[in-house]
1. Take PHE315 and decide whether it is over 23 Å from ILE418 (Cβ atoms), surrounded by 21 or more Cβ atoms within 10 Å (Cβ to Cβ) and either within 13 Å of ligand 2 (Cβ to nearest atom) or β-branched (Val, Ile, Thr) (or both).
2. What number goes with the only condition from (1) loosely packed, with under 12 Cβ neighbours inside 10 Å; (2) over 15 Å from ASN238 (Cα atoms); (3) of a type outside the set (Asp, Glu) that ARG267 does not pass?
3. List every residue pair whose Cβ atoms sit under 9 Å apart, with the two residues 6 or more apart in sequence or on different chains, where the first one lies in the stretch 342-358 and is in contact (Cβ under 8 Å) with a residue 12 or more places away in the chain and at positive phi and the second, anywhere, is hydroxyl-bearing (Ser, Thr, Tyr) and surrounded by fewer than 24 Cβ atoms within 10 Å (Cβ to Cβ).
4. Identify, please: which residue in the stretch 41-55 is in a loop (DSSP other than H, G, I, E, B) and either of a type outside the set (A, V, I, L, M, F, W, C) or more than 19 Å from ARG346 (Cα to Cα) (or both) and is, among those, nearest to ligand 2 (Cβ to nearest atom)?
5. Looking only at residues in the stretch 81-100 that are among the hydroxyl-bearing types (Ser, Thr, Tyr) and surrounded by fewer than 18 Cβ atoms within 10 Å (Cβ to Cβ), which one is nearest to ligand 1 (Cβ to nearest atom)?
6. For the stretch 232-276, enumerate the residues that are more than 11 Å from ligand 2 (Cβ to nearest atom), among the hydrophobic types (A, V, I, L, M, F, W, C) and either free of Cβ contacts under 8 Å to residues at least 40 places away in the same chain or in a loop (DSSP other than H, G, I, E, B) (or both).
7. How many residues, within the stretch 294-309, are within 16 Å of ligand 2 (Cβ to nearest atom), farther than 12 Å from ALA225 by Cβ and touching a residue at least 12 places away in the same chain (Cβ under 8 Å)?
8. Pick from SER262, SER235: which is crowded, with 17+ Cβ neighbours inside 10 Å and not aliphatic (A, V, I, L, M)?
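Derivation of every value follows stated rules applied to the coordinates shown; laboratory data play no part. What you are looking at is a predicted structure, and each value in this text was computed from that prediction instead of being measured. Using ideal geometry, Cβ is built from the backbone for each residue, glycine included, and neighbour counts are taken over all protein chains shown.
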Amino acid sequence: MRISVVGSGYVGLVAAACFAELGHQVISIDNDIQKIELLRRGEVPIHEEFLPQLLEKHSGRTLTFSTDLAGAVRASAAIFIAVGTPSTYQGDADLSYVESVAREIAGAIDSYKLVVEKSTVPVFTSDWIRKTLSLDRVPAELFDVASNPEFLREGSAVSDFFYPDRIVLGADSERAACMLQEIYAPLRDGSFYQSNVLVPPPAEARIPPPFIVTGTKSAELIKHASNAFLALKISFINAVANICEAVGADIREVRDGIGSDSRIGHRFLNPGIGYGGSCFPKDLKGFQAVAREVGCDFRLLQEVMSINEEQRQRFLRKVRNALWTLKGKRVAVLGLAFKGGTDDIRESPAIALVDALLSEGCEVQAYDPAAMARAEEALPRSPRLAFVQSPYEAARDADALLILTDWEEFTTLDLGRISDALKRPIVIDGRNLYEPEEMARHGFMYVSVGRPEVRPQQRAANNVAAGS
Ligand code: UDX
Ligand code: UDX
């Protein structure tokens, strides 16, 4: 099918490349000419596994890039809207980009078109798009508006597209539902998985994935509610971790005890410095605003957000407790992205903490495998902020090392080298990447989340014991 995807950001670009991999003719549109030119040159503007291979395979063939939305609409049967839906000052979703795209689509419709919401939007947005097209005099028989929310996670977006837990198709007409099913047919009938060689199935992949066909309102709500529930799980385990710290219990054991209940599950119960990213913070505020608009005071969501904000403050207090005064102290920071596997720093807890440490007069030596360029743009320029090329360089002569992002490579550091590089053997881990016992054996004072703090054991003795 001929498909257009409007918005070549994290969601839109991945969707466009994956639709091409499913065998569709795809036009990826963005109003950012530099981004389009960059994509036409074969460059990849975001850090996502498998995306470079997909773009190399399809660009210039079944996948083209354009700024000409009207032309793309005329050339396509289905148009997916994946533009940004940032938060307004009040917290509700800013839908002005979605509206302006809908109006441009209206101006270009010359035959039947299926318009599909891909961005995370509040319930009723499909009604507003329908109304906009009608008010712009597009005959009702020439369009349908549907919702196909995206559940991909940054860092594993391509894999999540092909191996989702479910595919939600929100349509209010038989014709729209059929077209959406046809677009995803290679996943539904399993043919994609027979021919696919590029993207291996993750453990527990459901092949073919279940399809959930609903009305558009339900689909819009499924997305908001799913993100809100995932964020709630994270704030819940963080709140329990804080109680563990207060009573001397161990969140690993508690998490295991909770997660072993099949009604709860272990996933998304990793305590840390709180959630970030372009979705959870914005979607929680957006969902709360929707609830408010329809007369439901969804107080629970407010609590989820407050616990999340408090988690950053708690981590800062741990740094103060370890270093006493912060002014003039040098800290090594491992991780700037909002989570491992991505270069995205939007609403990153790490960025917020680096900002706070700088304003407290600290010197910061920061390292991140992929997000330093974006962090350098976002953080204030300061002689006390340095971006370095390795975790060991970050640790050099630092009073403490802070782990802020759960990058895989941070789990296998040479702890001896880190300890030698640091001025004081203090590690404050906001992601629980290490076992307290191991850190003590290596002579560290180790502070983490929801686990007892450990003090350095005699490193020499332990080295002998560890046979090093
Ligand atoms: C977006 C939404 O922000 C998010 O709510 C939703 O869940 C998924 O899609 P993301 O892809 O991460 O998330 O956004 P972003 O990376 O900001 O990409 C949006 C793209 O749309 C940008 O490239 C922007 O240039 C483009 N855009 C925006 C248009 O092409 N036209 C517009 O009118 C506005
Ligand atoms: C999220 C949703 O998972 C995805 O389905 C949706 O489409 C977009 O929003 P993403 O923001 O990419 O995806 O990241 P995710 O892996 O969900 O992590 C979000 C934040 O929660 C990160 O800051 C992460 O570090 C944090 N997190 C996640 C925890 O603190 N603990 C956990 O157990 C899981």
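1. So PHE315 does not fit the description; no.
2. (2)
3. Partner pairs satisfying both residue conditions: GLU347/SER278.
4. Out of the qualifying residues, it is GLU48.
5. Initially, the stretch 81-100 is screened for residues among the hydroxyl-bearing types (Ser, Thr, Tyr), giving 85, 87-89, 96-97, 100.
Subset that is surrounded by fewer than 18 Cβ atoms within 10 Å (Cβ to Cβ): 87-89, 96-97, 100.
Details: SER87: 10, THR88: 13, TYR89: 17, SER96: 8, TYR97: 4, SER100: 5 Å.
Filtering first and then ranking leaves TYR97.
6. ILE243, ALA246, VAL247, ALA249, ILE258, ILE264
7. From the stretch 294-309, those within 16 Å of ligand 2 (Cβ to nearest atom) are 301, 304-309; that's our starting set.
Next cut, farther than 12 Å from ALA225 by Cβ only: 304-309.
Now narrow it down to the ones that are touching a residue at least 12 places away in the same chain (Cβ under 8 Å): 304-305, 307-309.
So the answer is 5.
8. Among SER262, SER235, only SER235 is crowded, with 17+ Cβ neighbours inside 10 Å and not aliphatic (A, V, I, L, M).
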